[in-house]
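The values are calculated or read from the model by the stated rules, or taken from the named source; none is laboratory data. Only a predicted model underlies this, so the values are computations on that prediction, with no experimental measurement involved. Virtual Cβ from ideal backbone geometry, glycine too; neighbours counted across all protein chains shown. Only protein heavy atoms, including side chains, enter the accessible area calculation; ligands, DNA and RNA are left aside. Shrake-Rupley method; radii C 1.70, N 1.55, O 1.52, S 1.80 Å.
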Amino acid sequence: ALATTSSGFAWSRARPDHGADVEAVLAHCREIVAATDLPVSADFENGYARDLDGLKDNVRRCVDTGVAGLSIEDATGDAARPLCDFDEAVARLRAARTAIDATGADVMLVARAECFLVGHPDPLNESIRRLRAYGAAGADCLFAPGVREPEQIRAIVAAVAPKPVNVLVGYPATLTLADFAKLGVRRVSVGGALAGAAWGAFLRAARGLADGRFDGFAQNASHGEVDKLFESR
């Protein structure tokens, strides 16, 4: 399966993460869905609306792009209140579930508890509390991006079973895909890590050029290799 990435898409438009509006994101989803026969899951951030009616409408529009899944997160983007209040967050997941069901489409709803990413003082227990509630509200897959420690991952998997758990691996993890499977993880995503890898290589090469050096091109893909990649398109 494939997934969109909020950061990767925003960076491709010269904007910071969370800097793309809903119209641009929906157009991007349509473009990715049209480009592949694989199922596509959308990183739909917080649904691009604070009120429930707006959230439902945006979720419906996302389903209409042809995605096979979409995620809704509970982060607010407000440093003073980084997470939605618990009851509000649950209501938003329930609204997203209602919107998906109303379309009649078989679209997976992924619920994200952002506790680890926003620096919550007790990220593990708060993630578990929220993910359990999100599962009860209708989420198909549960996700606490930012968790890394095997014991914490195992604890989340056990706490929300039998709901499947997604883990984000956007860092040079020592664990392999097989290792995550042994922890009970059912789905692994990489978020904006591939975009970060591309931008990292570009920035290293560009900084070298600024210093009058060309060694930043040492690990470039060859012209022919990239051409061959796109010949089948």
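For the reader, a short list of remarks on this structure follows.
- Cα gyration tensor, the chain - rounded (a/c under 1.5), prolate or oblate: prolate
- Cα-based shape type of the range 1-65, given that a ≥ b ≥ c are square roots of the gyration tensor eigenvalues and the cut on a/c is 1.5: oblate
- Cα centroid separation, the range 85-109 to the range 174-233 (Å): 34
- Ranking 217, 116 from most to least accessible surface, computed with a 1.4 Å probe over the protein chains only, gives 217, 116.
- Residues 26, 52 ordered from highest to lowest accessible area at a 1.4 Å probe: 52, 26.
- Equivalent ellipsoid semi-axes - Cα gyration tensor, the range 31-84, angstrom: 25, 13, 7
- ³J(HN,Hα) computed for each position of the range 47-52 - Karplus, 6.51 cos²θ - 1.76 cosθ + 1.60, integer Hz, glycine/proline x: x, 6, 7, 8, 8, 5
- Projecting the Cα atoms of 98, 161, 205 onto the charge dipole of the chain (Cβ charges, centred on the Cα centre) puts 161 farthest toward the positive pole.
- Heavy-atom accessible surface of residue 12, to the nearest 10 Å², is about 70 Å², with a 1.4 Å probe and all protein chains retained.
- Between 0 and 90 degrees, the angle of helix 86-103 with respect to the longest Cα principal axis of the chain falls at about 80 degrees.
- Straight-line cross-link reach from residue 56 at under 29 Å between alpha-carbon atoms covers these lysines, not counting any fewer than eight positions away in the same chain: 163.
- Which of 120, 28 is most accessible, then next, and so on - probe 1.4 Å: 120, 28
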